[in-house]
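Just so it is clear, none of the values below were taken in a lab; they were calculated from the coordinates. As the structure is a prediction and not an experimental result, all values here were calculated from the model. Cβ sites come from the backbone with ideal geometry, for glycine too, and all protein chains shown count toward neighbours.
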Number of protein chains: 2
Amino acid sequence: MSRQQIVAGAADMIRRRGLNATSIREVAKHAGTPLGSTYHYFPGGKDQLATEAVRWAGDAVSGVLTAKLRKGPVDGMKAFFTLWREVVSENDFQAGCPVVAVSVEETSGREALAAAAEAFTTWSGQLAESLRAHGVTPGRADRLAALVVAAAEGAVAMCRAQRSLQPLDDVATELTALLASAVRT
Amino acid sequence: MSRQQIVAGAADMIRRRGLNATSIREVAKHAGTPLGSTYHYFPGGKDQLATEAVRWAGDAVSGVLTAKLRKGPVDGMKAFFTLWREVVSENDFQAGCPVVAVSVEETSGREALAAAAEAFTTWSGQLAESLRAHGVTPGRADRLAALVVAAAEGAVAMCRAQRSLQPLDDVATELTALLASAVRT
DNA sequence: GTCTATACGAAGATAGAC
DNA sequence: GTCTATCTTCGTATAGAC
């Protein structure tokens, strides 16, 4: 019951503070459960909790992509950027992507890092498949999909530092034009 | 004399481990100076040290950009990607961009975050100016410059997680074509 | 002015009481 | 099975000996 809450809370704290600044103590407090419960649910300790948090966040984004890509790759890409735009703006530039946070910080175990890699692969794979389905050659579909994910993630970091949504909006504008022209070719 | 070494060492550790996993203790040990010296040189504590480390890294990248942009925006962009490719590959996927690390993690003080914002602004500003000088309209120059920086930074994070240089190479390929076509227009 | 020694708090993790 | 209390280590920061 509270297991899900702990994972969601950990994902939220990681995307705000980063992985190392997210202590199991505060995750437990935030979820209203004692510290011992966390280790009961997650005997693998912090690495296991971080791994599940990354997977949880990755699946959430992947679900949005699945839904929005039905209208085509350009709509999917736009939804991807809208999603990150909301995360950044609704948290007053104090939240970003937990997958990036885990990718950039050193962690004792490496399961969480593998989960981060899987999230990136899933997202770009979904975008690439949609691009191929709309006439883009496989090689270029992979490259464009990687570009979309990388640019969005990088833009989120820039927006946080600059306290401005401009990078995210600028990048979205350029990529919308680029993908629209690619599917048309 | 050792001040510079401490700053450079801190920047190196931050890009590998992240900001919060970089302790002043280990920075001092790595520089061969006692812990007290660190606080003698940086009375502002960790925030000051992180701020100078970010500025140091930002200036180093900016210097490369200044040099390579003389041959035009496409060459500058390529050099930017080559630089990050070397950082990632020469450190066996265990190093990235310290500016992103600081942008993504929570910090006690906020001077370091301001330094990160300044680094991003400087880099994209340099690229945008070069694009304008080569006939790109101001608005689009800004957007393309933001895209280049965001995509490179995001790709670095993806490369680390996936232990592959593919994202960086894919992104560089697409952006080379995009910028080449933009300056030609 | 440099560095040793230490204060103080918080981290991850576990043992064992209920 | 849940939670409290505690062990150990490491973090930032400083006081004061050379």
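When the charge dipole of the stretch A:1-86 is built from unit charges on Cβ atoms (+1 for Lys and Arg, -1 for Asp and Glu) and taken about the Cα centre, the candidate among A:Thr33, A:Ala10, A:Phe81 whose Cα reaches farthest toward its positive end is A:Phe81. Among the helices of chain B, those built from whole DSSP H runs whose Cα atoms reach 15 Å or more along their own axis and whose mean Kyte-Doolittle hydropathy is at least -0.5 are B:45-68, B:73-90, B:111-133, B:138-162, B:166-184.
A simple charge model with +1 on the Cβ of Lys and Arg, -1 on the Cβ of Asp and Glu and nothing else charged puts the dipole of the protein assembly as shown at about 260 debye relative to its Cα centre. The modelled label-to-label distance for the pair B:Asp169/B:Arg70, using points 7 Å beyond Cα in the direction of Cβ, is 3.1 nm. Enter the mean number of other protein chain beta carbons within 10 Å of the beta carbon of each residue in A:22-32, as an integer. Going residue by residue through A:22-32 and averaging, the value is 0. In the protein assembly as shown, inverting the average of 1/r over every pair of distinct C-alpha atoms gives 20.8 Å as the Kirkwood radius.
With n ≥ 4 as the cut-off for DSSP H runs, can you work out [θ] at 222 nm for chain B, using -39500 (n - 2.57) per run divided by the number of residues, rounded to the nearest 500?
Taken over chain B, the calculation gives -26500 deg cm²/dmol.
When only alpha carbons of chain B are considered, Rg and Dmax amount to 17.3, 58 Å. When you count the other C-beta atoms within 10 angstrom of each residue and take the mean per peptide, A:98-110, B:169-181 line up highest first as A:98-110, B:169-181. Put simply, the stretch B:141-185 fits an ellipsoid with semi-axes of 23, 12, 4 Å; these come from the alpha carbon gyration tensor as the roots of five times its eigenvalues, largest first.
Could you size up the charge dipole of the stretch A:117-185 around its Cα centre, putting +1 on the beta carbon of Lys and Arg and -1 on that of Asp and Glu, and report it in debye to the nearest 20? Provide the component values of the computation, followed by the final result.
Details: 6 positive and 7 negative charges, 23 e Å.
So the magnitude is around 100 debye.
Shielding of peptide B:178-185 by partners, expressed as the average count of other chain Cβ atoms within 10 Å per residue Cβ, is 1.
Net charge near B:Thr66, counting Lys/Arg +1 and Asp/Glu -1 over other residues with Cβ under 11 Å of its Cβ? Before the final figure, lay out each step's value.
Working: positive: B:Lys68, B:Arg70; negative: B:Asp59, B:Glu129.
Counting the neighbours of B:Thr66, the net charge comes to 0.
Inter-chain neighbour count for B:133-143: the average number of beta-carbon atoms from partner chains within 10 Å of each residue's beta-carbon is 2.
Summing charges over neighbours of B:Gly96, with a neighbour being any other residue whose Cβ is under 15 Å away from its Cβ, gives -3 when K and R count +1 and D and E count -1.
Quote the charge dipole size of the stretch B:1-126 about the Cα centre in Debye, to the nearest 20; the model charges only the Cβ of Lys and Arg (+1) and of Asp and Glu (-1). Its charge dipole is roughly 220 debye.
Put in line by how crowded their Cβ is, counting other Cβ atoms within 10 Å and starting with the fewest, B:Arg55, B:Arg184, A:Arg143 read B:Arg184, B:Arg55, A:Arg143.
List B:Glu52, B:Glu118 from most exposed to least, where exposure is judged by having the fewest other Cβ atoms within 10 Å.
Starting with the residue having the fewest Cβ neighbours, the order is B:Glu118, B:Glu52.
Calculated translational diffusion coefficient of the stretch B:55-127 (25 °C, 0.890 mPa s; Stokes-Einstein with Kirkwood radius over alpha-carbon pairs) equals 189 µm²/s. Restricting the stretch A:17-50 to trypsin sites (Lys or Arg not before Pro) that sit in a DSSP loop and have at most 14 other Cβ atoms within 10 Å of their own Cβ leaves nothing. Only Cα pairs under 8 Å and 6+ residues apart enter the sum, and on that basis the relative contact order of chain B stands at 24 percent. When both the stretch A:84-160 and the stretch B:106-185 are represented by their alpha-carbon centers, they are found 16 Å apart.
Normalising the average separation of contacting C-alpha pairs (under 8 angstrom, six or more residues apart) by the number of residues puts the relative contact order of the stretch A:1-95 at 26 percent.
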